[in-house]
1. Residue 81 versus (1) under 27 Å from residue 270 (Cβ atoms); (2) in contact with a helix residue (DSSP H, G or I) (Cβ under 6 Å, 6 or more places away or on another chain); (3) not in a helix (DSSP H, G or I): which is the lone unmet condition?
2. With 381, 287 as the choices, which residue is in contact (Cβ under 8 Å) with a residue 24 or more places away in the chain, under 30 Å from residue 25 (Cβ atoms) and either among the hydroxyl-bearing types (Ser, Thr, Tyr) or assigned to a helix (DSSP H, G or I) (or both)?
3. Give me the pairs, please: first residue somewhere in the stretch 316-342 and touching a residue at least 60 places away in the same chain (Cβ under 8 Å), second residue anywhere and open to solvent by 60 Å² or more (accessible area, probe 1.4 Å) and among the polar types (S, T, N, Q), beta-carbon distance under 8 Å, and either six or more positions apart or on two chains.
4. I need a count of the residues in the stretch 270-297 that are hydrophobic (A, V, I, L, M, F, W, C), over 10 Å from the mean Cα position of the chain (by Cα) and within 20 Å of residue 321 (Cα to Cα).
5. Go through (1) among the small types (Gly, Ala, Ser); (2) at pLDDT 95 or above; (3) touching a His at 6+ places or on another chain (Cβ under 8 Å) for residue 214 and report which single condition fails.
6. Using beta carbons and a limit of 6 Å, which pairs, at least six apart or on different chains, have the first residue in the stretch 22-49 and part of a loop (DSSP other than H, G, I, E, B) and the second one not aromatic (Phe, Trp, Tyr)?
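The values are calculated or read from the model by the stated rules, or taken from the named source; none is laboratory data. Keep in mind it's a predicted model, so treat the numbers as computed, not measured. Glycine gets a Cβ as well: all are built from the backbone with ideal geometry, and neighbour counts include every protein chain shown. Ligands, DNA and RNA are stripped out before the accessible areas are found, and what is left, the full protein with its side chains, is counted by its heavy atoms. Shrake-Rupley method; radii C 1.70, N 1.55, O 1.52, S 1.80 Å.
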Amino acid sequence: MKRHQRDESAWVLRGGLNPDTANVTNVLTHVSTDAAATLSEPMVLGIGGGLGAGYLLWEVNGQLPSLILGFRFRWNMHDWAEQTLGRLGARYQVRTTTSQARAAAMLTDSIEAGRAPIIRPDRQLLSYWHLHPDTDTTLAPPVYAGARRGALVAYGLAGDGILVDDRNLSPLTVDAALLAQARAKLSSSKNYMLVVDAFDTPTDLSQMIRAGIADCVEHLHASSTAVALPAWEKWAGLLTDRRNAKGWPRVYAEGRGLTSALLAIWMGVNPAGRIGGDLRACYAEFLDEAAAHLGSAEAAATATADLYRIAALRWQELAEAALPSDVPEFARLRRLVTSMSDGVVAGDQGVDARGAAATELWTMLAEYDADPPVIVDLAMLADRLGAVAMAERSAAGSLRQLV
């Protein structure tokens, strides 16, 4: 079906770090009544609950395990955007339908009305991030559903395509029919569309900031070993545990599949990955901004920001230890991931570069998952992760003083 074209110049591609926080930030800026008082992505992150902690080793029979790391508040839930928009007082509506055709029409109508809906298509089907197709289970870990369900903004129509914002800085077009299929594929977010109608930037952010910090403190200090700070200690122990069935010496016996896990660590921590990195430095920026709104806690907020910068450094040290740049094969993997990410940022102009990088990446991973290029010192990784856990505990303890 031929699509009408509209001038998408009203939408500005601003990029961003994390897909969810960038989406909300950019949509709020688009609809704000006061362009001079728009919120930064760190502020949206902080008001939305800030940080999370999550470790999951996802295993499917017959396939290599897949390492999943969570770094944002409620990273494993689907309602972060709605909760954050509600706290900010934005006027929004969530639209769903069981009809794929109706969902496509609703999206087109919304875009033509000048809106920029947030949608959650299946990234694997949409393909521009080049997630592994899972056609051969020996090649790579399966694609975890949470990674496939990536949020993005649909903001323009171009012939038979939809212009999307996935932190790209140049236009990125996806086929409208393929997008409709991708939106309908995942049952947990089937044909989901969130439309922000209006937003008045609050004149007083102090209560929202305090509520966001309180959420972060409660979340991080929970007892869960999957979605709170204990996850890091649990993971550190599993790195060297030979008796536990989930211990890495047993899960990755003889190094099979270990290179993919190491790459997952590096991609999780660094912005080159799909999730925008560990977000610790971004949260430090939030605390720097928030300090002026916290009255007598201003100095404590600034001090806590410094502790989160230390935590960010510890994470970088872990990522470097996991996939060291002085190992040529690992350095190549890092460059390929960065090329894929840069290709997405480049939009339609980056299609060839990101496709070529993805093809080489999956080929190399298949080889190295079967025969690792180096012997990995899991005890050293456990020490690095222990340092991360200590830095996280220190920063979260300081954050608690702000509540």
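1. Of the numbered conditions (1) under 27 Å from residue 270 (Cβ atoms); (2) in contact with a helix residue (DSSP H, G or I) (Cβ under 6 Å, 6 or more places away or on another chain); (3) not in a helix (DSSP H, G or I), the odd one out for residue 81 is (3).
2. Result: 287 is the single residue among 381, 287 that is in contact (Cβ under 8 Å) with a residue 24 or more places away in the chain, under 30 Å from residue 25 (Cβ atoms) and either among the hydroxyl-bearing types (Ser, Thr, Tyr) or assigned to a helix (DSSP H, G or I) (or both).
3. 334/325
4. Going through the stretch 270-297 one residue at a time, the tally reaches 2.
5. Exception for residue 214: condition (3).
6. Filtered contacts from the stretch 22-49: 33/200; 34/201; 38/29; 38/32; 48/84; 49/212; 49/215; 49/216.
Results for (1) within 17 Å of residue 289 (Cβ to Cβ); (2) at pLDDT below 90; (3) acidic (Asp, Glu), shown as yes or no for each residue.
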| site | (1), (2), (3) |
| --- | --- |
| 2 | no, yes, no |
| 7 | no, yes, yes |
| 11 | no, no, no |
| 21 | yes, no, no |
| 37 | yes, yes, no |
| 46 | yes, no, no |
| 63 | no, yes, no |
| 93 | no, no, no |
| 105 | no, no, no |
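Residue-by-condition table, conditions (1) open to solvent by 50 Å² or more (accessible area, probe 1.4 Å); (2) more than 15 Å from residue 209 (Cα to Cα); (3) out of contact with any helix residue (DSSP H, G or I) (no Cβ under 7 Å at 6 or more places or on another chain); (4) of a type in the set (Ser, Thr, Tyr):
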position	(1), (2), (3), (4)
266	no, yes, no, no
271	yes, yes, yes, no
280	no, yes, no, no
283	no, no, no, yes
304	no, no, no, yes
307	no, yes, no, no
310	yes, yes, no, no
313	yes, yes, yes, no
316	yes, yes, no, no
